[in-house]
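The values are calculated or read from the model by the stated rules, or taken from the named source; none is laboratory data. Here the structure is a predicted model, which means the values were calculated and not measured. Neighbour counts run over all protein chains shown; Cβ positions are idealised from the backbone, glycine included.
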Amino acid sequence: MSISVDRDQAFLAGIHRIAEEFAGPNAADVDKNARFPHEAVEAMREERALSAFVPTEFGGAGVSFEAIAEACFELGRRCGASAMVFAMHQIQVASIVRHLDGSPWFEDYLRRLSDEQRLIASATSEVGTGGDMGKSIAAVTPGADGVHNFEKQCPTVSYGQHADDLLTTVRRAPDAEPGDQVLVLTRRDQMEMEPNGTWDPLGMRGTCSPGCTVRATFPLEQALTIPFSTIAPETMVPVSHITWSHLWLGIATDAFDRARAFVKAAAKRNPGGEPPPAAHRLSHVMSELSLLRAEVSSALREFVDASEEPGRESLTTMRSALRFNNLKIAASEQAPRVCQGAMGVTGIVGFKNDTPFSVGRHLRDTMSACLMIANERIHQTNAGLLLIAKEV
Amino acid sequence: MTDEIRRILRENARLSTDVDALSNDADLYQAGMTSHASVNVMLALEDAFDVEFPDSMLKRSVFESIAAIEAAVSELQGSVAA
């Protein structure tokens, strides 16, 4: 127990340093130029943070999932894009770690990931599926000499051009149903990634997520044998929603901190007087922030508890699906609300992009939250589940 | 009961294959049942067999095959009788 606590603390101390020394100082430039946060990701490699969640037997640090979530929060406070790259990589790592099912190829892969600090991107969305991650068009297609291949049209692949490897959902075989999916891990030297479209979005600009066509050839052992329909509810969906909501909370917390610093500076200019009107507004923002914080931390607790149950049974229930869907919806709506509230406190000083109290990037970054798996699609899923769920 | 379950699947599961061509152990999700369709299957099962699936049984594995559905419905009916 104390070993794992020490491990988590050492890891988080490293993350804190990366956030302060690399993610924060470059955040404005990353945002302005919509460029990849190289400095922060390179620092993560040096800190061996990319293999933090890999068990020690495969060369990783074996930190707890709580520590990964906390790291997303810490990075989010300094640079939303750096935090999102970190989070998305950890989602892929968690999907492999929790579902490799004794596969020698994936065990070796995790050792290699740890040795080389490889960065994994994901290609789970596909043109033509209407945004439903649970369906694929692209399929694992047998080729000559036992080598398989797929071609997938992806509407977005976050940091695809900067990743070493790609984890992709595809149908199990050319004649498989759209929902009969597997996850395939392919290395850059096994793929052609042809970018299409540009990347000049409102927020999360450093994630560099234009669309692309992926063509890959690989031996079949690079497909996880556990079906994606099991991996999604047990790991990929809840881990995505928890890591994302932690980093959104981080962004919102920094916006709040900037608003608080603004109010404090105003109060100092008028010592002995009543708290300035902005202080009242700040109090309103704080109550919005505390709602967000409560939702995010209770979801993490529930996920960790459920993960410790044998067979992770409760994660496969509808109640669990609703729980983590609601986290996504609530956090993605609440985080921009807090940022907008912070802007209301700071006024024009926060609206400007070049003051110590600027919160424009925070607001823009958190506005991406409702699009990452569109909230309306999640509501549609929930609406179906609510017809049958008994206790929610 | 199997026939009734097959009827419900035929009307609600929107499988890409004929229900009669599936064995009792065949994976319904692999046969094309979406999670949305599975909700309709559950509603129809509750109606037809006058049972209520508790939340602990509302999970993928309970509805993955005709045999699994039959076992679940039998269990629920048994618990009512007892």
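Let's see how each residue does on (1) more than 26 Å from A:Asp257 (Cα to Cα); (2) crowded, with 24+ Cβ neighbours inside 10 Å; (3) modelled with pLDDT under 95:
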site	(1), (2), (3)
A:Ser4	yes, no, yes
A:Ala19	no, yes, no
A:Val30	no, yes, no
A:Asn33	no, no, no
A:Phe36	no, no, no
A:Gly62	yes, no, no
A:Gly80	no, yes, no
A:Val85	no, yes, no
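Identify, please: which residue in the stretch A:95-115 is hydrophobic (A, V, I, L, M, F, W, C) and in a helix (DSSP H, G or I) and is, among those, surrounded by the fewest Cβ atoms within 10 Å (Cβ to Cβ)?
Among residues in the stretch A:95-115 that are hydrophobic (A, V, I, L, M, F, W, C) and in a helix (DSSP H, G or I), the one surrounded by the fewest Cβ atoms within 10 Å (Cβ to Cβ) is A:Trp105.
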Checklist entry - Just one of the numbered conditions (1) more than 20 Å from A:Ser368 (Cβ to Cβ); (2) assigned by TED's automatic domain parsing to the domain that holds A:Gly146; (3) in contact with a helix residue (DSSP H, G or I) (Cβ under 7 Å, 6 or more places away or on another chain) is not true of A:Thr235; which one? => result (2)
Next on the checklist: If I ask for residues that are surrounded by 14 or more Cβ atoms within 10 Å (Cβ to Cβ) and either in contact with a strand residue (DSSP E or B) (Cβ under 6 Å, 6 or more places away or on another chain) or closer than 18 Å to A:Ile120 by Cβ (or both), which ones from the stretch A:38-51 would you list?
Outcome noted: A:His38, A:Ala40, A:Val41, A:Ala43, A:Met44, A:Arg45, A:Glu47, A:Arg48, A:Ala49, A:Leu50, A:Ser51
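State yes or no: is A:Met88 in a helix (DSSP H, G or I), in contact (Cβ under 8 Å) with a residue 60 or more places away in the chain and within 25 Å of A:Thr198 (Cβ to Cβ)? Walk me through it before giving the result.
Working: in a helix (DSSP H, G or I): yes; in contact (Cβ under 8 Å) with a residue 60 or more places away in the chain: yes; within 25 Å of A:Thr198 (Cβ to Cβ): yes.
Spelling it out, A:Met88 is indeed in a helix (DSSP H, G or I), in contact (Cβ under 8 Å) with a residue 60 or more places away in the chain and within 25 Å of A:Thr198 (Cβ to Cβ).
Within the stretch A:138-148, how many residues are part of a strand (DSSP E or B) and either surrounded by fewer than 18 Cβ atoms within 10 Å (Cβ to Cβ) or within 17 Å of the chain's Cα centre (by Cα) (or both)?
First pass over the stretch A:138-148, keeping only residues part of a strand (DSSP E or B): A:139, A:141-142, A:147-148.
Retained after the next criterion (residues that are either surrounded by fewer than 18 Cβ atoms within 10 Å (Cβ to Cβ) or within 17 Å of the chain's Cα centre (by Cα) (or both)): A:141-142, A:147.
The qualifying residues number 3.
Tell me, please, whether a residue that is within 30 Å of B:Leu45 (Cα to Cα), among the aliphatic types (A, V, I, L, M), within 11 Å of another protein chain (Cβ to nearest Cβ) and surrounded by 17 or more Cβ atoms within 10 Å (Cβ to Cβ) can be found in the stretch A:367-388. Full working, then the answer.
Taking the stretch A:367-388 first, the residues within 30 Å of B:Leu45 (Cα to Cα) are A:375-388.
Filter again for among the aliphatic types (A, V, I, L, M), leaving A:378, A:383, A:385-388.
Now narrow it down to the ones that are within 11 Å of another protein chain (Cβ to nearest Cβ): A:383, A:385-388.
The next check asks that each one be surrounded by 17 or more Cβ atoms within 10 Å (Cβ to Cβ); those that pass are A:385, A:388.
Yes, the stretch A:367-388 contains a residue that is within 30 Å of B:Leu45 (Cα to Cα), among the aliphatic types (A, V, I, L, M), within 11 Å of another protein chain (Cβ to nearest Cβ) and surrounded by 17 or more Cβ atoms within 10 Å (Cβ to Cβ).
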Item to check | Enumeration of residues in the stretch B:34-51 that are at the interface with chain A (Cβ under 8 Å from one of its Cβ atoms), surrounded by 17 or more Cβ atoms within 10 Å (Cβ to Cβ) and modelled with pLDDT of 90 or more | outcome: B:Met42
Next on the checklist: Looking at the stretch B:52-68, can you tell me whether even one residue there is more than 14 Å from every other protein chain (Cβ to nearest Cβ), buried (at least 20 other Cβ atoms within 10 Å of the Cβ), of a type outside the set (S, T, N, Q) and in contact with a Leu (Cβ under 8 Å, 6 or more places away or on another chain)?
Outcome noted: yes
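Just to be sure, is A:Pro219 more than 14 Å from every other protein chain (Cβ to nearest Cβ), under 21 Å from the mean Cα position of the chain (by Cα), touching a residue at least 12 places away in the same chain (Cβ under 8 Å) and surrounded by fewer than 23 Cβ atoms within 10 Å (Cβ to Cβ)?
Values: more than 14 Å from every other protein chain (Cβ to nearest Cβ): yes; under 21 Å from the mean Cα position of the chain (by Cα): no; touching a residue at least 12 places away in the same chain (Cβ under 8 Å): yes; surrounded by fewer than 23 Cβ atoms within 10 Å (Cβ to Cβ): yes.
Criteria not met by A:Pro219.
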Checklist entry - Could you list, in sequence order, the residues of the stretch A:72-85 that are assigned to a helix (DSSP H, G or I), touching a Ser or Thr at 6+ places or on another chain (Cβ under 9 Å) and farther than 18 Å from A:Ala121 by Cβ? => result A:Phe73, A:Gly76
Checklist entry - Restricting attention to the stretch A:359-382, does a residue exist that is out of contact with any helix residue (DSSP H, G or I) (no Cβ under 6 Å at 6 or more places or on another chain), farther than 30 Å from A:Met133 by Cβ and not small (Gly, Ala, Ser)? => result no
Checklist entry - Within the stretch B:10-28, can one find any residue that is at the interface with chain A (Cβ under 9 Å from one of its Cβ atoms), at pLDDT below 95 and closer than 27 Å to A:Gly311 by Cα? => result yes
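Based on what the data block shows, is A:Ser82 touching a helix residue (DSSP H, G or I) at 6+ places or on another chain (Cβ under 8 Å) and over 28 Å from A:Leu220 (Cα atoms)? Reasoning before the result, please.
Details: touching a helix residue (DSSP H, G or I) at 6+ places or on another chain (Cβ under 8 Å): yes; over 28 Å from A:Leu220 (Cα atoms): yes.
For A:Ser82, the condition - touching a helix residue (DSSP H, G or I) at 6+ places or on another chain (Cβ under 8 Å) and over 28 Å from A:Leu220 (Cα atoms) - is met.
Looking at A:Ala252, A:Ala216, A:Ala223, A:Ala232, can you tell me which residue is among the hydrophobic types (A, V, I, L, M, F, W, C) and within 30 Å of A:Val345 (Cβ to Cβ)? Can you show your working first?
On the way: A:Ala216 fails: within 30 Å of A:Val345 (Cβ to Cβ); A:Ala223 fails: within 30 Å of A:Val345 (Cβ to Cβ); A:Ala232 fails: within 30 Å of A:Val345 (Cβ to Cβ).
Result of the check over A:Ala252, A:Ala216, A:Ala223, A:Ala232: A:Ala252.
Among the listed residues A:Gly134, A:Gly203, which satisfies the condition of being buried (at least 22 other Cβ atoms within 10 Å of the Cβ) and either among the basic types (Lys, Arg) or not in a strand (DSSP E or B) (or both)? Talk me through it step by step, then tell me what you get.
Working: A:Gly134 fails: buried (at least 22 other Cβ atoms within 10 Å of the Cβ).
Just one listed residue meets the conditions, A:Gly203.
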Checklist entry - Considering only the stretch A:187-200, how many residues are within 22 Å of the chain's Cα centre (by Cα) and either at positive phi or assigned to a loop (DSSP other than H, G, I, E, B) (or both)? => result 3
